[in-house]
Structures are given as C-alpha cells and as structure tokens.
Amino acid sequence: MIARTRTAAVSLALAGAFLLAGCTGGGSDDGADGTDGGAAQEQAAQGGGAADPGTASVADQVMAEQTIAAPHGGGDAMGGEVTVTLRSVEVGGGTTTVRWALRWDNDDAPADAGASYYDLGVEPATTVTDREGLKAYRPFCTDGAWQADTDDATQAGIAQMRCRDSMLVSPLDKFFDFPNHGTIEVSAVLPAPEGTPATVDVLVAEGLPLFTAATVTYLDGGAE
C-alpha cells in the first residue's frame, strides 16, 4: 500500500546526486539520465504532453489521497481545506506522466469563488524521486533549464525561471482558479526514470503533501 506523509518537500538528503530533467532554450538538452532526451521531450511537447484540465483518462482512479488545511500564498488567506488525490504514475515512450487532482472546499466562501496556485502558495513543479536510484525528475519544459550549463548563478536562475514558466504541466497558469467544491484534474510529463523502479515518491506540486511509495505503471511492460 502506498505510504502517505503530510510533509510538503521531497527529502533531498539522500546520498548521491539527484539529476533533474534538461530543457531546451537556455541549457542542456540532456535527459535526467544524462543522455540525449530531446526525442522524448519533443514527443511529449508535440503530442504526448499534459492533458487538458478535467480530461484525464483515470479521473476516477484514486491511488492515494490527502486532505489538509488550505495553504496560504499570495493575497488573502483562502481558508477551508484542499484534497489532493494522486491518480497514477505511468511510464511509456520515454516519458513519465503523473496524473493528480486538487479540490478546494470552503463552506464560508461564495459558491463561485476560486483559489489559484498563487492564492494557495503552490508551485506546480512535480517532482518524482527514485530513492533507490538516487535520482529526482522534474517536468520537461520548452524553454530554459532546471540545471543550466553555466557557472553564472544569475543566468542559471533565469534559465530555471523560464523552465518553470514552460513546464509540461496542465493547468500551468499560476492564476488558474480551482473552483470552490470542484475537482480539477492536473497532469505533468517528466522524463522516464532510469531502470524500472516499482515505486517512486511523488511531490505533485511544491506546497502540497508528498506521496511516498507510489506504484509505477509501465505501459510498455512491467517493472523488472
């Protein structure tokens, strides 16, 4: 059974280096395993990218679920609670697709109110961590890079910001409103992990709970 935790940060204190996905534009084109990830990235961007909100094919699947007090980001505190549902982690064609859902409920707010990523202080940068392989993976992006090939800290920071703004995550807009008492489906496309880990840890978004030991489904065959 998948383990659950209320911490909102992936533990990066594991021995060894965690490698993040490279992106086009301001940095390396390498994949998370250090090889050329351009083909898989192009495929994800052109046809295998994140699904539109609310159209996930596994919209009724629940691998794990957590409910927490609504976090507070920019603007006024939203109040109420958010329910985060991890639906699936699927690997195929050189990519990993993480599907999850967020529901915001506040009985004291108007029925037509909405809470955005910005309001909740959430950054939809999904992180998938293979603890045994000592590697972490983040979404493909079409501009910038998670780890830019430069020693200039300022340029590296700019490249990472550009990468965050062009991640293959849907919905991505930080002002996208999650409706009160409504469930929105979210998806992210990342590099496929090295090897075939049976489980991974999934931080669906920065500022939301971590799901540990999430089962990986291999569309091209089972884990070794």
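Summary table below
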| quantity | calculated |
| --- | --- |
| Candidate set from segment 78-112 (those that are farther than 23 Å from Q61 by Cβ and among the hydrophobic types (A, V, I, L, M, F, W, C)); member that is surrounded by the fewest Cβ atoms within 10 Å (Cβ to Cβ) | A111 |
| Per-region count, segment 128-145, residues closer than 9 Å to C163 by Cβ and among the β-branched types (V, I, T) | 1 |
| Complete set of residues in segment 92-108 that are aliphatic (A, V, I, L, M) and modelled with pLDDT under 95 | none |
| Residue list for segment 185-207, filter: under 13 Å from T217 (Cβ atoms) and not in a strand (DSSP E or B) | A192, P193, T196, P197, A198 |
| Test result for G207, on the phi > 0 side of the Ramachandran plot and either surrounded by 15 or more Cβ atoms within 10 Å (Cβ to Cβ) or aliphatic (A, V, I, L, M) (or both) | yes |
| Filter pass, E194 being acidic (D, E), in contact (Cβ under 8 Å) with a residue 12 or more places away in the chain and surrounded by fewer than 19 Cβ atoms within 10 Å (Cβ to Cβ) | yes |
| Residues being over 16 Å from A214 (Cβ atoms) and aromatic (F, W, Y) - total across segment 80-138 | 3 |
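The values are calculated or read from the model by the stated rules, or taken from the named source; none is laboratory data. Treat the numbers as computed from the prediction; the structure is a model and nothing was measured. Because the Cβ atoms are built from the backbone with ideal geometry, glycine has one as well, and the counts that use them run over all protein chains shown.
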